[in-house]
Structure formats: C-alpha cells, structure tokens
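Enquirer: My questions all concern the structure below.
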Amino acid sequence: MTAKIINGKEIAKNIRQSLKEKISLLKTPPALAVILAGSDPASEIYVKNKEKACHEVGITARTHKFPATVSEKELLDLINDLNRTPDINGILVQLPLPAHINSEKILQAVSPAKDVDGFHPLNTGLLQQKSPDTFIPCTPKGIIRLLHSLSLDLTGLNAVVIGRSQIVGLPVSNLLLQENCTVTVTHSKTQNLSALCRSADILIAALGKPEFITKEYIKPSAIIIDVGINRTPNSLKGDVRLKDALDTAAYVTPVPGGVGPMTIAMLLENTFEAFLKQNRP
C-alpha cells in the first residue's frame with residue numbers, strides 16, 4: 001500500500017485565493033496586528049511568512065517588534081491600545097515570548113473579539129459549547145479542514161491525539177468530538193502508547209519529537225495528520241516517519257507542506273471573519 005499525500009499546500013492555496021476574491025470586494029481591507037518580542041529565528045521566519053500571506057490576500061499586516069528586554073507592561077499597554085483601535089481587526093501574539101513575560105497574562109489581555117488565534121479563555125469556552133461566535137485555534141481548524149478535504153464520513157472513527165496542549169491537542173480533540181469521532185487524548189505519561197495508536201483510524205501527532213511515530217504505531221489504512229515541525233541538521237522533520245506512514249497508512253500529511261500552510265490559511269480566514277463580525281450592519 002502507498003498512502004495518498006494530503007496536500008495541505010494546495011488546499012491552503014485554494015483557501016487563500018477564495019479569501020483574496022472576497023476581500024477585493026470590501027471597501028477597506030481587514031487588518032492584523034502582529035506582536036513579536038525577542039529575536040527567536042523561527043519566530044521571525046513565521047512572522048515574515050504570515051506578513052507575506054496577508055499581503056497576498058489583501059489583509060493589512062502591522063508588525064510591532066520589540067527587543068527581548070521588553071517589559072510586560074509595554075506589551076500590555078500596546079495590546080490595550082490595539083483593542084481600542086477600530087481599524088485593527090485581529091491581534092496575534094507570536095509565541096514564545098521572552099522568559100520573563102507571563103504569556104498567559106499577555107494572551108488573556110487580547111480582546112476576545114480580536115483573538116484570531118483563539119487562545120482567549122472566552123473563545124476556548126465557546127468552542128466547548130460549539131458556539132459559532134468563537135475563533136477556533138488555527139492549527140486545529142486547519143486539521144479539520146484537511147480531514148474534510150478527504151470527503152469521508154468521520155462518524156464513529158477512533159481518533160487518537162498525541163499531545164494535550166491548549167494550542168493543538170485539546171482543541172483538536174474537541175473538534176473531533178464534534179465530528180462524532182471517538183477520541184483518545186494521549187501524552188507523555190500515557191502507557192501502551194503504541195497499542196493505542198495502532199487502534200486509531202485517525203492519528204494526530206503533535207508531540208514535537210522528530211520521526212517518533214514509526215510503522216509500529218500505525219494502523220493499516222489510517223489517516224495520519226503530522227503536526228510536528230522539527231528542525232534537524234539536514235531538514236525539517238515531522239513527528240511521523242513519512243516512509244513508514246506511506247507504506248502503512250491510507251492518507252498522510254507531509255512535513256513541510258501539510259499542516260503548516262493550513263495554519264496560516266486559517267489565520268487569514270479568522271482575521272477576515274473578525275472583520276465581518278466587527279462590521280456587521
């Protein structure tokens with residue numbers, strides 16, 4: 001068996017094109033404020049990619065860059081200003097923040113109406129309640145869109161999620177439950193992880209260990225969504241050994257070109273949705 005590649009890059013391209021067409025009809029473009037603190041090389045690359053994607057679809061991106069010595073008060077003051085600025089529709093705080101900054105406090109300062117990352121406790125709670133008024137975190141939202149692209153009935157499928165973070169693991173588990181999957185959330189303390197993974201019709205790998213998931217973890221004909229982005233000396237690697245997944249699974253997302261482009265596409269979509277909500281007649 002050779003698994004089919006789920007081409008997240010192509011799916012994201014189609015989403016961006018659709019957004020570009022919709023935004024071109026607006027009198028004023030949506031605007032996203034990005035906050036970058038410190039000089040983490042990966043964060044700087046991510047922000048540049050997001051700025052480029054915004055420009056491509058017609059969203060105005062305004063980046064506020066601070067040195068690693070920035071104070072918590074400076075960031076909070078900026079966020080409060082952005083919350084009150086009518087022509088800023090979305091606010092994104094690029095993580096990680098410098099070690100002396102309380103990330104949770106910073107994220108909670110963002111207005112829920114402009115929280116296009118979906119990290120504010122109010123949006124987290126609304127997601128639990130299946131409310132259409134919430135912002136769904138970008139990576140989990142992108143994962144579900146990748147699954148929808150397969151045009152399969154997910155009802156009753158066993159889904160195993162490796163990772164319990166607030167950014168990916170927990171929200172994607174909630175979304176899978178809303179798709180009527182039977183969901184198991186695993187983590188570093190889980191026993192018999194390989195056996196649980198082998199029971200998965202859908203396996204979401206978000207543990208941050210390069211090529212940790214090998215053939216022994218994969219059920220034949222499973223759908224494998226690889227969330228990992230691990231920088232190795234030679235290249236980017238996912239959490240899944242791609243060759244093993246291709247030999248065993250039915251579908252698999254590559255790294256790069258799978259979940260990553262979808263995450264950015266969902267950020268653009270959330271920013272567009274924020275604009276529409278804030279400009280309701």
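Enquirer: Within region 109-123, identify whether any single residue is crowded, with 20+ Cβ neighbours inside 10 Å, out of contact with any strand residue (DSSP E or B) (no Cβ under 8 Å at 6 or more places or on another chain), polar (S, T, N, Q) and more than 13 Å from MET266 (Cβ to Cβ), and answer yes or no.
Expert: yes
Residue-by-condition table, conditions (1) closer than 17 Å to PRO112 by Cα; (2) in the same structural domain as HIS55 (by TED's automatic domain parsing); (3) within 12 Å of the chain's Cα centre (by Cα):
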site: LEU242; (1), (2), (3): no, no, no
site: ALA249; (1), (2), (3): no, no, no
site: PRO254; (1), (2), (3): no, no, no
site: ASN270; (1), (2), (3): yes, no, yes
site: LEU276; (1), (2), (3): yes, no, no
site: ASN279; (1), (2), (3): yes, no, no
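Enquirer: Something else: Considering only region 39-67, how many residues are in a loop (DSSP other than H, G, I, E, B) and modelled with pLDDT of 95 or more?
Expert: The total comes to 3.
Enquirer: Sticking with this one: Would you please name the residue that is surrounded by the most Cβ atoms within 10 Å (Cβ to Cβ), looking only at residues in region 90-105 that are more than 13 Å from the chain's Cα centre (by Cα) and touching a residue at least 40 places away in the same chain (Cβ under 8 Å)?
Expert: GLY90
Enquirer: So which residues in region 183-217 are within 20 Å of LEU152 (Cβ to Cβ) and either modelled with pLDDT under 95 or in contact with a Gly (Cβ under 7 Å, 6 or more places away or on another chain) (or both)?
Expert: Answer for region 183-217, where residues must be within 20 Å of LEU152 (Cβ to Cβ) and either modelled with pLDDT under 95 or in contact with a Gly (Cβ under 7 Å, 6 or more places away or on another chain) (or both): just ALA205.
Enquirer: Go through region 145-166 and give me each residue that's closer than 12 Å to ILE223 by Cβ and crowded, with 20+ Cβ neighbours inside 10 Å.
Expert: Within region 145-166, LEU146, LEU147, ALA159, VAL160 meet the criteria.
Enquirer: Moving on to the next point. Being exposed (fewer than 14 other Cβ atoms within 10 Å of the Cβ) and not assigned by TED's automatic domain parsing to the domain that holds ILE143 narrows it down to one residue among ALA33, ALA42, ALA3; which is it?
Expert: Working: ALA33 fails: exposed (fewer than 14 other Cβ atoms within 10 Å of the Cβ); ALA3 fails: exposed (fewer than 14 other Cβ atoms within 10 Å of the Cβ).
ALA42 is the lone residue from the list that is exposed (fewer than 14 other Cβ atoms within 10 Å of the Cβ) and not assigned by TED's automatic domain parsing to the domain that holds ILE143.
The values are calculated or read from the model by the stated rules, or taken from the named source; none is laboratory data. Model, not experiment: these values are computed from the prediction. Ideal geometry is used to build each Cβ from the backbone, glycine not excepted, and the neighbour counts take in all protein chains shown.
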